[in-house]
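One structure is given below, encoded as C-alpha cells.
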Amino acid sequence: MNLLTANKLSHTFDTNLFHDVSFELSEKQSIAIIGLSGSGKSTLLHILSTLLTPDEGSVFLFSKDVSTMSDKELSKIKRDDLGLVFQQHYLFKGFSCKENLEVAAMLSNQSIDDELLKRLDIYETKEQKITQLSGGQQQRVSIARVLTKKPKILFVDEPTGNLDNITSNEVKNILFEYLIEYNAGMILVTHNEEFAMDCDKVYRLENKELIKIK
Ligand SMILES: Nc1ncnc2c1ncn2[C@@H]1O[C@H](COP(=O)(O)OP(=O)(O)OP(=O)(O)O)[C@@H](O)[C@H]1O
Ligand SMILES: [Mg+2]
C-alpha cells in the first residue's frame, strides 16, 4: 500500500531550497534523506508531515491529496497515523519520562511498552523529569513516545544525533523492526551515513534537487 507520495514539491524561504521533489513511500519501506546542513532536509520533512504547506506541488497521504482534506480529516490522520521525531523534541518539560509516555498512550489508546524502554535504556530513568535527562536520553524518550502511539508513517529527523554508536545502533534496529511489525513506513533525515545506507532508498538533497543515490 502507498503511504505517502511527494509530487513535484518546491519550497522557498529567502532563497529556493528545492524544486521538483518527487518520490513514493510504501509499507515496510524506509527512505533516507541526506545532504549538507542548511540544504532543506528538515523543511522537506515538515512539508511531508503536513506541518508546512509547500509553495508548489502536493503531498498525498494514503493516496489522498493533503490539500483537499478537511481540517477534521487531517487532524485525525495526524493524531492516529503520523509519528514525528524531530530535532527539537516536543516533550512536556515539566513532566517525567513516564508521564510523557502516558499522555501518548492515552491519546492513542495504546499501552506503554516496558520492553521498548529497556531496549532504549530509559527504563531506569522513567520517573525522572525531562529537564533532568541528557540530550540523548530525551531523544530516546521522544522515540519511545512516538512508537507508543503506533503510527503508520514515521518522520524522523536526526534520531541518532546525540547518541553513541551502541545506542545509535539499537535505535536503528528498533525503528527497522517497527516498520516490519506494524507495516509502517519511515522517512529518515540523517547525517549518519551508515544508518542512511541501511534504508531501502537513499536520496541526497543537493543543488536544490533530490537525487536518488540508492
Ligand atoms: N521558518 C523559516 N523561515 C525562514 N527560513 C527558514 C525557516 N526554516 C528554515 N529556514 C532556512 O531554510 C534553510 C534550510 O533549513 P533546514 O532546517 O531545512 O536545513 P537542514 O537541511 O535540515 O539542515 P541541518 O542538517 O543543519 O538540520 C536554512 O537556511 C534555514 O535558515
Ligand atoms: Mg535539519
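Rule-based calculations on the coordinates, nothing more; no lab input. Nothing here was measured: the structure is a model prediction, and the numbers come from that model. Please note: Cβ atoms are built from the backbone with ideal geometry, for glycine as well, and neighbour counts cover all protein chains shown.
Do you know which residues across region 15-35 are assigned to a loop (DSSP other than H, G, I, E, B), farther than 24 Å from residue 176 by Cα and either within 16 Å of ligand 2 (Cβ to nearest atom) or in contact (Cβ under 8 Å) with a residue 24 or more places away in the chain (or both)?
Keep residues of region 15-35 that are assigned to a loop (DSSP other than H, G, I, E, B), which gives 15, 27-29.
If we keep only those that are farther than 24 Å from residue 176 by Cα too, we end up with 15.
Result: no residue meets the conditions.
(1) away from ligand 1 (no atom under 16 Å from the Cβ); (2) assigned to a helix (DSSP H, G or I): which one isn't true of residue 183, the others all being true?
(2) is the only condition that residue 183 fails.
Which one is farthest from ligand 2 (Cβ to nearest atom), of the residues in region 63-79 that are surrounded by 13 or more Cβ atoms within 10 Å (Cβ to Cβ) and of a type in the set (Lys, Arg)?
64
To keep it simple, each residue is scored yes or no on (1) within 16 Å of ligand 1 (Cβ to nearest atom); (2) within 29 Å of residue 137 (Cα to Cα).
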position: 23; (1), (2): no, no
position: 29; (1), (2): no, yes
position: 36; (1), (2): yes, yes
position: 49; (1), (2): yes, yes
position: 52; (1), (2): yes, yes
position: 58; (1), (2): no, no
position: 63; (1), (2): no, no
position: 70; (1), (2): no, no
position: 85; (1), (2): yes, yes
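When you go through 76, 41, 93, 64 one by one, which is the residue that is within 25 Å of residue 214 (Cβ to Cβ) and of a type in the set (D, E, K, R)?
Numbers: 76 fails: within 25 Å of residue 214 (Cβ to Cβ); 93 fails: within 25 Å of residue 214 (Cβ to Cβ); 64 fails: within 25 Å of residue 214 (Cβ to Cβ).
Going through 76, 41, 93, 64 in turn, just one is within 25 Å of residue 214 (Cβ to Cβ) and of a type in the set (D, E, K, R): 41.
For residues in region 51-62 being under 17 Å from the mean Cα position of the chain (by Cα) and surrounded by 19 or more Cβ atoms within 10 Å (Cβ to Cβ), which is nearest to ligand 2 (Cβ to nearest atom)? Quick ask: steps written out before the conclusion?
Of region 51-62, the ones under 17 Å from the mean Cα position of the chain (by Cα) are 51-52, 59-62.
From what's left, surrounded by 19 or more Cβ atoms within 10 Å (Cβ to Cβ): 59, 61.
Numbers: 59: 18, 61: 22 Å.
Of everything passing the filter in region 51-62, 59 is nearest to ligand 2 (Cβ to nearest atom).
Quick one: count up the residues across region 39-50 that are in a helix (DSSP H, G or I) and either of a type in the set (Val, Ile, Thr) or away from ligand 2 (no atom under 16 Å from the Cβ) (or both).
First, pick out the residues of region 39-50 that are in a helix (DSSP H, G or I): 41-48.
From what is left, the residues that are either of a type in the set (Val, Ile, Thr) or away from ligand 2 (no atom under 16 Å from the Cβ) (or both) are 43, 47.
Final tally of qualifying residues: 2.
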